[in-house]
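Reading through the structure tokens given below for one structure.
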Amino acid sequence: MLQLDHLHVHLGQNAIVRGVSVQLAAGEIGCLLGPSGCGKTTLLRAIAGFQQVAAGSISLAEKTVSAPAYTQAPEQRGIGMVFQDFALFPHLTVEENISFGMRHASAKEKLQRVDELLNRIGLPGYQKRYPHELSGGQQQRIALARALAPKPRLLLLDEPFSSLDAELRERLAVEVRELLKKEQITALLVTHDQQEAFAMADKAGVMYQGELLQWDTPYQLYHQPRHQMVADFIGHGVLLQGTVNSSGSMASPLGMLEHPSLANVAGGTPVSFLVRPDDLVPDPESRLRGTIKARGFRGAHNLYSVELVSGVEVLTLSASHEQLEVGAEIGLRPDFDHLVVFAADHCELPGFHSQAPAFRPVLPKAQTA
């Protein structure tokens, strides 16, 4: 349904989007993640037809709608949009807001579609209310219903829940996903909220400085990031340095680690590896010791920052009813289901305010030769 092919978008002399390629099948929900200023919204505007393409192309249902020499008008693309600020018309009722884009439908068809959508978003009987009479969550539902009313072939959502509180944001994300699936609408969401993305998306990508670092399922982004910036941005975790020896083990601040994935790495290779909080299990019998530097309450569990004897800091989890005190000693046992290893061409972990080095995954022995 949607294909971006090596897309470049410029604003003046600045390259805002650089070489982005994405595919979304009909009915799929995609999400673009990334820090502010990484090019997410500019990419969305280019898909909608509001921004000129400098290179590459945008296709909808295998028909090119944007290229350097051609741009189809936004109103001809069959695209719906949901904005960050809802953008409801304050002087129109809920019914009039939802039916606003159904220009070619009869009065009867408009009434039927409004009734259908209000039932689907859980607001039956709200036809005659005005936006100022609704809560923020209700207004967001109406904005979504308005975008869905003309049955667009693609729906674009630009940080649609950012003005809502965290609990409502997560609940709405799940509800919106269910609604899009029922309506069989292809959608692309832009957000900086990982939980929102994971709750909604079939496919997701992380952008940084205009580039798409990885486009994959949310599960793969979390467990198998192909770029150190993705590993840093998605979920909690730290990147530690180690060296793989000829026997396929790795010397690291956590001790000697063994994992099937290390068998493909050439001996003597310096690497960086990702350590998630759930990769380190509190164990009073473990020889790996550290001191608790900070504790964060997360409801069912606590998130601890632990400084190891070697001086590096790692994260670990434990049940919140087993509260450990800051300053206490703790034993940690490595327990890696997924060991994510990167080549250490650049061992320092970059911040999102600096130029990202070109990190690459570690290559197997055969490819290294």
Subject >> Residues of region 173-189 that turn out to be part of a helix (DSSP H, G or I) and closer than 23 Å to LEU43 by Cβ, as a count >> reply: 4
Original post:
If you take the residues in region 113-158 that are over 28 Å from the mean Cα position of the chain (by Cα) and under 15 Å from ASP85 (Cβ atoms), which one is surrounded by the fewest Cβ atoms within 10 Å (Cβ to Cβ)?
Top reply: HIS132
Subject >> Which numbered condition VAL244 misses (of (1) in the same structural domain as VAL114 (by TED's automatic domain parsing); (2) crowded, with 22+ Cβ neighbours inside 10 Å) >> reply: (1)
**OP:** Quickly run through region 94-109 and pick out the residues that are touching a residue at least 40 places away in the same chain (Cβ under 8 Å), of a type in the set (A, V, I, L, M, F, W, C) and part of a helix (DSSP H, G or I).
**Re:** VAL94, ILE98, PHE100
Original post:
Which one of GLN228, GLN184, GLN195 is surrounded by fewer than 19 Cβ atoms within 10 Å (Cβ to Cβ) and on the phi < 0 side of the Ramachandran plot?
Top reply: GLN195
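Rundown of residues vs (1) modelled with pLDDT under 90; (2) not in a helix (DSSP H, G or I); (3) not assigned by TED's automatic domain parsing to the domain that holds GLY34, yes/no style:
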site	(1), (2), (3)
LEU111	no, no, no
LYS128	no, yes, no
GLY137	yes, no, no
GLN140	yes, no, no
ARG146	no, no, no
LEU157	no, yes, no
Original post:
Just one of GLY30, GLY56 is within 24 Å of PRO218 (Cα to Cα) and small (Gly, Ala, Ser); which is it?
Top reply: GLY30
**OP:** Identify, from the list LEU239, LEU274, the residue that is assigned by TED's automatic domain parsing to the domain that holds ALA328, among the aliphatic types (A, V, I, L, M) and in contact with a His (Cβ under 9 Å, 6 or more places away or on another chain).
**Re:** LEU274
Original post:
Restricting the search to region 314-330, which residues are surrounded by 16 or more Cβ atoms within 10 Å (Cβ to Cβ) and either small (Gly, Ala, Ser) or more than 20 Å from HIS236 (Cα to Cα) (or both)?
Top reply: SER318
Original post:
Is it true that some residue in region 275-298 is touching a helix residue (DSSP H, G or I) at 6+ places or on another chain (Cβ under 8 Å) and farther than 11 Å from PHE336 by Cβ?
Top reply: no
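The values are calculated or read from the model by the stated rules, or taken from the named source; none is laboratory data. The shown structure was predicted, so the numbers you read here are calculated from the model rather than taken from an experiment. All Cβ positions, glycine included, derive from the backbone under ideal geometry; neighbour counts span all protein chains shown.
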